[in-house]
Amino acid sequence: MDFCTNFVDLRSVEKLQQLARAPYNLTVPEALAPERLAAYRVSSCGFDFLYGTQRVDKQVMEALQELADEARLVEQFKAMKSGAVMNRIIGHDSEERQVLHTACRDIFTETPLAPDETAQAEEQLARLQKFLNDVDNGTIGNAQGESFTTIVQVGIGGSDLGPRALYLALKRYCRKGRKACFIANVDPDDAAGVLAELDLSRTLINVVSKSGTTLETLTNEELVRSALTAAGLDPARHIIAVTGVGSPMDDPEKYLASFHMYDYIGGRYSATSMVGGVTLAFALGYDNFLELLRGANAVDQAAEQEAIRENLPLLMALLGIWNRNFLGYNTVAVLPYSQALLRFPAHLQQCDMESNGKQVSRSGASVQWKTGPIVWGEPGTNGQHAFYQLLHQGSEIVPAEFIGFRESQYQADIIINGTDSQQKLLANMLAQSLALALGRSHENPNKSFPGNRPSSLLLADRLTPYSMGALLALYENKIAMQGFCWNINSFDQEGVQLGKVLANRILSRMAEEQEGEQLSPDSPELTLLKLCGLQAM
């Protein structure tokens, strides 16, 4: 299928450009009338999405629907789910892969769109369930016959950020006596700090690398193996692997157990595969991991709807395109009013910026339009006392995406001055959205707020495994649909490769290896080594 139409060649783009000359003004009287706020609200998969504080009106929404239809965004999404080769650049060497992270959770129907890949996911889930049952019944345990209580995931990038964010989000649901830890950074202090706090004799180590050659991960694996050996433990009884079929790590003699990830699942989209599944199911329980998959699958199903008001990830994608390409906003802040979502913005940084930080179209030409924005964020209310000053009065306008929950996870709260802490948290979130939109005039310019700064509210009852899975898929599908619209390949990551090549050159010199490319005396790599005191002058 040929979906390669340049963004600027879409007829609806010109219409949206014209509408963007006079976008909806959020600061005029009655701009946020009850009728508008009620009309700009959709519900899907347990979430309510309120976008009346975005700078859109009926004409803009109609034009965004035209854009979605003309760019065939839902058709492209369905093609992706059905196994079309979406990871490609026409006429140039590329990975030429399917993109089927959705198949990992399309296990709740008798007619999955990618039946072979979903069958592989089911087979891996069955292996995982058996492994966990063996851990529970003592068939798998340490040399002393004791059960494992902790799992440490060793991985980086997509093998860390998504699983870590999901674990922290759902830590409330951990099985009694179970916990998970994570080692990602090649900084040796990361591994040392984690390992120092553990009883290694009752710890499983889950090493995750699709290629089985990731430098940081293999280095940390050896650090962990050394720590286990120093503690008098056999690494083969403690280390499991999640890797690609046939990779150097796909070695049953070296690992207690192994699980597979596949080429059609990109690292940043892999949290619902075994990349996240092994650690999450160990810590949270197998059934809770299935609930996470169920929530993600519900959103995947909803994302097949053509109407943007019935397709929440599509609606979120189009509002982001309106802000990025037509209103000219270069960044977006994801602001969860939930401490449990502490690392979710960090996961989205990779998922979004590694996917859509591209300057080449799927046809191999340089793009003549803006692609992915800068994504960042921290939980509220902490952020209010840090960077919200810039959001309200800075010279850069930053669209905000607020995420909140009506109930707390632990249900441990206290009423002070007539409201409990969860109510205070939500009141702050709503107030920030309104303040960004409405602003405030004042005779003292330093106390004046310009307003007219767009935001949206995404609200669910409670952060549970199901709602976390739905939230994850909302953003995954939003990101993919934006990439489809911009006609870029959202599923490779060539931009991380050059740094790896240069790092290997420097490491070769630091190790004083004589094989391979030699650095000339005036090379920037060798010069920096000397100036940083890492080589003799």
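The values are calculated or read from the model by the stated rules, or taken from the named source; none is laboratory data. Just so it is clear, the model here is predicted, and its values are computed rather than measured. Cβ coordinates were reconstructed from backbone atoms using ideal geometry, including for glycine residues, and neighbour counts include every protein chain displayed. Remember, those area values only see protein heavy atoms, side chains included, never the ligands or the DNA or RNA. Shrake-Rupley method; radii C 1.70, N 1.55, O 1.52, S 1.80 Å.
On the basis of being more than 16 Å from residue 463 (Cβ to Cβ), surrounded by fewer than 18 Cβ atoms within 10 Å (Cβ to Cβ) and not charged (D, E, K, R), does residue 433 make the cut?
Answer is no for this residue.
Only residues that are surrounded by fewer than 15 Cβ atoms within 10 Å (Cβ to Cβ), under 25 Å from the mean Cα position of the chain (by Cα) and within 19 Å of residue 463 (Cα to Cα): list them for the stretch 389-427, please.
406, 407, 410
Taking the criterion of being among the hydrophobic types (A, V, I, L, M, F, W, C), touching a residue at least 24 places away in the same chain (Cβ under 8 Å), part of a loop (DSSP other than H, G, I, E, B) and closer than 27 Å to residue 262 by Cα, would at least one residue in the stretch 187-200 satisfy it?
Looking through the stretch 187-200, none of the residues is among the hydrophobic types (A, V, I, L, M, F, W, C), touching a residue at least 24 places away in the same chain (Cβ under 8 Å), part of a loop (DSSP other than H, G, I, E, B) and closer than 27 Å to residue 262 by Cα.
Please specify each residue of the stretch 145-159 satisfying the condition of being open to solvent by less than 10 Å² (accessible area, probe 1.4 Å) and assigned to a loop (DSSP other than H, G, I, E, B).
148, 155
How many residues does the stretch 292-337 hold that are surrounded by fewer than 20 Cβ atoms within 10 Å (Cβ to Cβ) and of a type outside the set (A, V, I, L, M)?
Number satisfying all stated conditions: 10.
Does residue 119 meet the test of being assigned to a helix (DSSP H, G or I) and without any contact (Cβ under 8 Å) to a residue 60 or more places away in the chain?
For residue 119, the condition - assigned to a helix (DSSP H, G or I) and without any contact (Cβ under 8 Å) to a residue 60 or more places away in the chain - is met.
Of all residues in the stretch 110-121, count the ones that are under 19 Å from residue 295 (Cβ atoms) and either open to solvent by 50 Å² or more (accessible area, probe 1.4 Å) or in contact with a Phe, Trp or Tyr (Cβ under 7 Å, 6 or more places away or on another chain) (or both).
1
Would you please list the contacts, defined by Cβ atoms under 6 Å and residues six or more apart or on different chains, that run from a residue in the stretch 442-457 that is within 18 Å of residue 49 (Cβ to Cβ) to a residue that is among the basic types (Lys, Arg)?
454/55
I need the full set of residues from the stretch 255-288 which are touching a His at 6+ places or on another chain (Cβ under 9 Å), of a type in the set (Phe, Trp, Tyr) and part of a helix (DSSP H, G or I), in order please.
269, the sole residue that qualifies.
Quick check on my filter: what residues within the stretch 364-383 are open to solvent by 40 Å² or more (accessible area, probe 1.4 Å) and closer than 29 Å to residue 434 by Cβ?
Within the stretch 364-383, 370, 374, 376, 378, 381, 382 qualify.
What's the number of the only condition in (1) part of a helix (DSSP H, G or I); (2) open to solvent by 70 Å² or more (accessible area, probe 1.4 Å); (3) closer than 30 Å to residue 490 by Cβ that residue 13 fails to meet?
(2)
Return the residues of the stretch 369-401 that are of a type in the set (S, T, N, Q), in a loop (DSSP other than H, G, I, E, B) and without any contact (Cβ under 8 Å) to a residue 24 or more places away in the chain; say none if nothing qualifies.
395
Output the strands (runs of 3 or more DSSP E) that fall wholly within the stretch 33-95 and possess 1 or more residues being within 30 Å of residue 21 (Cα to Cα) and open to solvent by 10 Å² or more (accessible area, probe 1.4 Å), or say none.
In the stretch 33-95, 41-44, 47-50 are the strands (runs of 3 or more DSSP E) which contain 1 or more residues that are within 30 Å of residue 21 (Cα to Cα) and open to solvent by 10 Å² or more (accessible area, probe 1.4 Å).
Which of the residues that make up the stretch 341-363 are open to solvent by 30 Å² or more (accessible area, probe 1.4 Å) and not in a helix (DSSP H, G or I)?
Correct list: 342, 343, 357, 358, 359, 360, 363.
Looking at 204, 170, which one is in contact with a Phe, Trp or Tyr (Cβ under 7 Å, 6 or more places away or on another chain), of a type outside the set (Lys, Arg), surrounded by 17 or more Cβ atoms within 10 Å (Cβ to Cβ) and touching a residue at least 24 places away in the same chain (Cβ under 8 Å)?
Sole residue among the options that is in contact with a Phe, Trp or Tyr (Cβ under 7 Å, 6 or more places away or on another chain), of a type outside the set (Lys, Arg), surrounded by 17 or more Cβ atoms within 10 Å (Cβ to Cβ) and touching a residue at least 24 places away in the same chain (Cβ under 8 Å): 204.
Listed here are the residues, each with its yes/no results for (1) modelled with pLDDT of 95 or more; (2) within 25 Å of the chain's Cα centre (by Cα); (3) buried (at least 18 other Cβ atoms within 10 Å of the Cβ).
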position: 429; (1), (2), (3): yes, yes, yes
position: 444; (1), (2), (3): yes, no, no
position: 448; (1), (2), (3): yes, no, no
position: 451; (1), (2), (3): yes, no, yes
position: 454; (1), (2), (3): yes, yes, yes
position: 457; (1), (2), (3): yes, yes, yes
position: 470; (1), (2), (3): yes, yes, yes
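Limited to the stretch 309-328, what total is found for residues that are over 26 Å from residue 161 (Cα atoms) and not charged (D, E, K, R)?
Residues flagged as over 26 Å from residue 161 (Cα atoms) and not charged (D, E, K, R) within the stretch 309-328 amount to 7.
Would you pick out the residues in the stretch 212-240 that are of a type in the set (Val, Ile, Thr), modelled with pLDDT of 95 or more and open to solvent by 40 Å² or more (accessible area, probe 1.4 Å)?
Within the stretch 212-240, 219, 229 qualify.
What pairs come out if I take residues in the stretch 87-108 that are in contact (Cβ under 8 Å) with a residue 40 or more places away in the chain and pair them with residues that are open to solvent by 70 Å² or more (accessible area, probe 1.4 Å) and assigned to a helix (DSSP H, G or I) whose C-beta lies under 6 Å away, six or more apart or interchain?
Going by the 6 Å Cβ cut-off, the qualifying pairs are 107/122.
Looking only at the stretch 201-211, count every residue that is part of a strand (DSSP E or B) and of a type outside the set (Val, Ile, Thr) and tell me the total.
3
Restricting to the stretch 471-488, name every residue that is within 13 Å of residue 351 (Cα to Cα) and either touching a His at 6+ places or on another chain (Cβ under 8 Å) or in a loop (DSSP other than H, G, I, E, B) (or both).
Across the stretch 471-488, the qualifying residue is only 476.
For the stretch 122-139, give me each residue that is open to solvent by 30 Å² or more (accessible area, probe 1.4 Å) and either assigned to a loop (DSSP other than H, G, I, E, B) or closer than 17 Å to residue 244 by Cα (or both).
Residues satisfying the conditions are 122, 123, 127, 138, 139.
Test each condition in (1) closer than 21 Å to residue 300 by Cα; (2) open to solvent by less than 50 Å² (accessible area, probe 1.4 Å); (3) not in a loop (DSSP other than H, G, I, E, B) for residue 466 and report the one that comes out false.
So residue 466 meets the others, but not (2).
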